[in-house]
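Peer 1: This is the structure I want to talk about, given as structure tokens.
Taken together, the values in this text are just the output of simple stated rules run on the coordinates, not laboratory data. What you see is a predicted model; the values in this text were computed from it and never measured. Cβ atoms come from the backbone with ideal geometry, glycine included; neighbour counts cover every protein chain shown.
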Amino acid sequence: MSKGNKLPEVGLLLYPGVRTAAVYGMVDLFEAANEIASRRVDSAASGIRVSQWKIAEDGEIACAVDTQGSAEHGPVAIVALPGLGSLPSREISARFAPWLRRQHEEGAMLCSVCAGAFVLAETGLLSGRPVTTHWSFAQALAQRFPDIEIDTAQMIIDDGDVITAGGIMAWTDLGLTLVERLLGPAVMLETARFLLVDPPGREQRYYSNFSPNLRHSDEAVLKVQHWLQAQETGEGDLRPVSLAEMAGQAGLEERTFLRRFHKATGLKPTEYFQHIRVSKARGLLEMTNRNVDQVAWSVGYEDPAAFRKVFFKVTGLSPRDYRRRFAARQAA
């Protein structure tokens, strides 16, 4: 919280490749929150100051834009927003790392959205911490920074002085989280209602597709993964696949196959095939009018109750709620 008459300052990183739409969107969100806060007598502060930071010609990190135009800075939060195209390189991230560490030492929260997590992680301050990013970037983040605890089921992970957000549009979730911290929950909720966006609390797993690890060198396991994927993408219904069948496809003894599959993919073969079945079920719920029991049978579950339990475990939604949220209009 700011002291005296100073507004709490949130700094946005303008690293090369950052999505300018997210930068402008975050600025607009804070502007809306400031307008709402100015009308409330119970507001904890009168507004949020926004600054934008980039690499200057001399190589230093300098303020490029400031809503107050002041030379004195003391950000309470620094935000690395999503990137456009390729992931932020280690070389670019390393140029921001010393400045980010210094801001953190002086009390600033470090925040990221989507690929912005790669920029923060270069500081070393995310080591051993729970972090989220876009679900499709999880493997790349884990490979580059193996000491980070990645959880892409969550849209927001608030670890106190570090807050990370998942997908590209999760800047709305992060922005509202910061509004709640700095201006209070009443202003946050009114801002969310004004912008017609959900308050923080969504889960990224509602939206994510199964993205298996295929970037390993175990050819026997890859053969089974491609075989299982063909089951999902085929036109017919899925049938149950046993561990013995998978081991047979790999040409391995069951115990050896189980060990190697888990090492290569991070999942047990039965868990992996569960994700395949749920992925197929998502498509059926989105694009067909089959009822939930029929969908369960189509993906190889004889017991629809067991299917509902597994589906909720993987997606965080019941099949009925998933269809209500994501069904194509013509199938609704």
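Peer 1: Hand me the trypsin sites (Lys or Arg not before Pro) from segment 213-306 located in a DSSP loop with no more than 16 other Cβ atoms within 10 Å, in residue order please. List each step's numbers first, then the result.
Peer 2: On the way: sites: Arg215, Lys223, Arg255, Arg259, Arg260, Lys263, Arg277, Lys280, Arg282, Arg290; in loops: Arg215, Arg290.
The qualifying sites are Arg215, Arg290.
Peer 1: Something else now. Which whole-number value in Å³ per residue fits the convex hull of the alpha carbons of segment 31-104?
Peer 2: Values: hull volume 9.6 nm³, N = 74.
Dividing the Cα hull volume of segment 31-104 by its residues yields 129 Å³.
Peer 1: Hey, another quick one. Compute from the Cα atoms of segment 9-206 the Rg and the Dmax, the latter being the longest Cα-Cα distance, and quote both in angstrom.
Peer 2: Just the Cα atoms of segment 9-206 yield Rg and Dmax of 15.8, 49 Å.
Peer 1: Not counting the cut sites, what is the longest span of the chain without GluC sites (Glu not before Pro) that DSSP labels loop and that have at most 15 other Cβ atoms within 10 Å?
Peer 2: The longest uninterrupted stretch comes out as 107-234.
Peer 1: Between the alpha-carbon centers of segment 169-226 and segment 65-119, tell me the distance in whole angstrom.
Peer 2: Going from one Cα centre to the other spans 19 Å.
Peer 1: Compute the acute angle (0 to 90°) between the alpha-carbon long axis of helix 304-315 and the principal axis of greatest extent of the alpha-carbon atoms of the chain; round to the nearest 10°.
Peer 2: 30 degrees
Peer 1: Hey, another quick one. For the chain, take every pair of Cα atoms, bin their distances at 10 Å starting from 0, and report each bin as a whole percent.
Peer 2: It works out to 5, 22, 27, 22, 15, 7, 1, 0, in whole percents.
Peer 1: Considering only lysines 8 or more places apart in sequence, or on different chains, count the pairs in segment 219-331 whose C-alpha atoms sit under 24 Å apart.
Peer 2: Lysine pairs satisfying the spacing and distance rule in segment 219-331 number 9.
Peer 1: Using only Cα atoms, what Kirkwood radius does segment 186-332 have, in angstroms?
Peer 2: Working: mean 1/r = 0.0589 Å⁻¹.
Evaluated on segment 186-332, it is 17.0 Å.
Peer 1: List the lysines whose Cα sits under 26 Å from the Cα of Lys6, skipping any in the same chain fewer than 8 residues away.
Peer 2: Lys54
Peer 1: Determine the shape class of segment 206-256: with a ≥ b ≥ c the square roots of the Cα gyration tensor eigenvalues, call it rounded for a/c under 1.5, and otherwise prolate if a/b is greater than b/c, oblate otherwise.
Peer 2: oblate
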